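This report concerns only the one structure given below.
The values are calculated or read from the model by the stated rules, or taken from the named source; none is laboratory data. Given the structure is predicted, the values throughout are model-derived calculations rather than measurements. FYI the Cβ positions are ideal-geometry reconstructions off the backbone, even for glycines, and counts take in every protein chain you see. For the accessible areas, the whole protein counts, side chains as well, though only heavy atoms, and no ligand, DNA or RNA atoms are used. Shrake-Rupley method; radii C 1.70, N 1.55, O 1.52, S 1.80 Å.
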Amino acid sequence: MTLTVRVLSPDKTVWNAAAEEVILPSTTGQIGILSGHAPLLSALDTGVMRVRAAKNQPWIAIALQGGFAEVEENEVTILVNGAERGDTINLEEARSAYSQAETRLGQVAADDKQAQIQATQAFKRARARFQAAGGMV
């Protein structure tokens, strides 16, 4: 038995296909979903979702920018602020953006809370894109 998985962002459907297994970046850690999973509603963090369409096939990485996931009756619906398949991300551009975001995060003044939050979010987005592109294992 398979799962029906949909990844929806405000501007497009990033994934809409059957899958054997899904790993989601929830706000409390990674969640693995297989067919027959109990009903679930979870907040998602910025990170990498992994989908395996069938056994013995490679994992497909999708960078997510936070949102929610609902699992019910072998259907997984993922609503996110933004998403990008790893195979569409330029690895070198993602590596450069990750390095820049890491540098900016290290340069933010400790007493500037708003700048820290913005730099942290930018770093998490850049890291997710870099990981999804295959830059970090």
Every residue from region 1-27 that is surrounded by fewer than 16 Cβ atoms within 10 Å (Cβ to Cβ) and not in a strand (DSSP E or B): M1, T2, P10, D11, T27
Total residues in region 28-59, condition open to solvent by 40 Å² or more (accessible area, probe 1.4 Å) and under 11 Å from the mean Cα position of the chain (by Cα): 3
Scan region 105-114 residue by residue and report those that are under 26 Å from V48 (Cβ atoms) and either over 23 Å from the mean Cα position of the chain (by Cα) or not assigned by the TED database to the domain that holds R95 (or both). G106, Q107, V108
Quick check: is even one residue across region 48-57 in contact with an Asp or Glu (Cβ under 7 Å, 6 or more places away or on another chain), outside the structural domain of W15 (by the TED database) and more than 21 Å from D11 (Cα to Cα)? no
Scanning region 53-81 residue by residue, those touching a Pro at 6+ places or on another chain (Cβ under 8 Å) and closer than 21 Å to R127 by Cα turn out to be L64, N81
Out of all the residues in region 96-113, is one or more in contact (Cβ under 8 Å) with a residue 40 or more places away in the chain and of a type outside the set (D, E)? no
Out of D45, D11, report the one residue that is closer than 16 Å to R129 by Cα and of a type in the set (D, E). D45
